[in-house]
Amino acid sequence: MAFKKEELPLLMGQKVTIKVRGETFTVVVRGWFKGQYIILDLPKVGVEDFRIAPQTGVQIHFTKEGLFVNFKSTSILSFVQAITLLIIEYPRTFDTHNLRKHERFKTNFPVRYSYVMGGQKFEHSGIVRDFSLGGILFTHEQQISKEVDLTLDFEVPKCGPIQNQVVEIRNVRVNPKSESAHYVTGIKWRNIPPEGDAIITQFVKMRVMDRRSENR
């Protein structure tokens, strides 16, 4: 699947894999100018810089938020003194492959969650950060065990409420980006009723239409 050059999903400081002259390295993105160039760390072999002449073909790939991105480019210039950087041409097109079963959409709305542990019921709140047909990802302050049966209650914007929905916890990890919401939990829908499924499907369709409108 080829995309226009301005849609290349680069992020400052992200790690990418570069293949050049049969050698493979992991380097960091240091900057870019859309349609012109991308600046990377110059690869190293041990403590030695891997010298790359201008007009050398390179291949880059990386994964961002479940999207695998791959493209070919050509080196423009490399610096090996004072700073060690590699400048390559900004690709005209690139290929992508979604590694996730369902497309995800960024969100920001509240969720209430509850579970029973040791005969006692616990209730807390969090923020839904992304949403898909398969489940959601939300941030929260209180740690959750993967072993509990988690129940969610939330209002899907412009679509309706999801109430007393039991979900399957897929992963719980520490959230280093926030001092207030210390944890990030990913869940999968479990035995969702038809009315809940209709609300989720409606919301995803709305977000798909919004994304298409933004890309026009």
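Identify all residues within the stretch 181-191 that are surrounded by fewer than 16 Cβ atoms within 10 Å (Cβ to Cβ) and either in contact with a strand residue (DSSP E or B) (Cβ under 6 Å, 6 or more places away or on another chain) or closer than 21 Å to residue 153 by Cβ (or both); write none if there are none. Spell out how you get there, then give the answer.
Going residue by residue through the stretch 181-191, those that are surrounded by fewer than 16 Cβ atoms within 10 Å (Cβ to Cβ) are 182, 188, 190-191.
Selection gives 188, 190, 191.
Out of curiosity, is residue 123 surrounded by fewer than 12 Cβ atoms within 10 Å (Cβ to Cβ), charged (D, E, K, R) and under 29 Å from residue 147 (Cα atoms)? Outline the logic, then answer.
On the way: surrounded by fewer than 12 Cβ atoms within 10 Å (Cβ to Cβ): yes; charged (D, E, K, R): yes; under 29 Å from residue 147 (Cα atoms): yes.
Considered against the rule, which asks whether it is surrounded by fewer than 12 Cβ atoms within 10 Å (Cβ to Cβ), charged (D, E, K, R) and under 29 Å from residue 147 (Cα atoms), residue 123 comes out as yes.
Looking across the stretch 144-175 at every residue that is crowded, with 16+ Cβ neighbours inside 10 Å and not aliphatic (A, V, I, L, M), the one that is modelled with the lowest pLDDT is identified as 175.
The values are calculated or read from the model by the stated rules, or taken from the named source; none is laboratory data. Model, not experiment: these values are computed from the prediction. Note: ideal-geometry Cβ built from the backbone for every residue, glycine included; neighbour counts use all protein chains shown.
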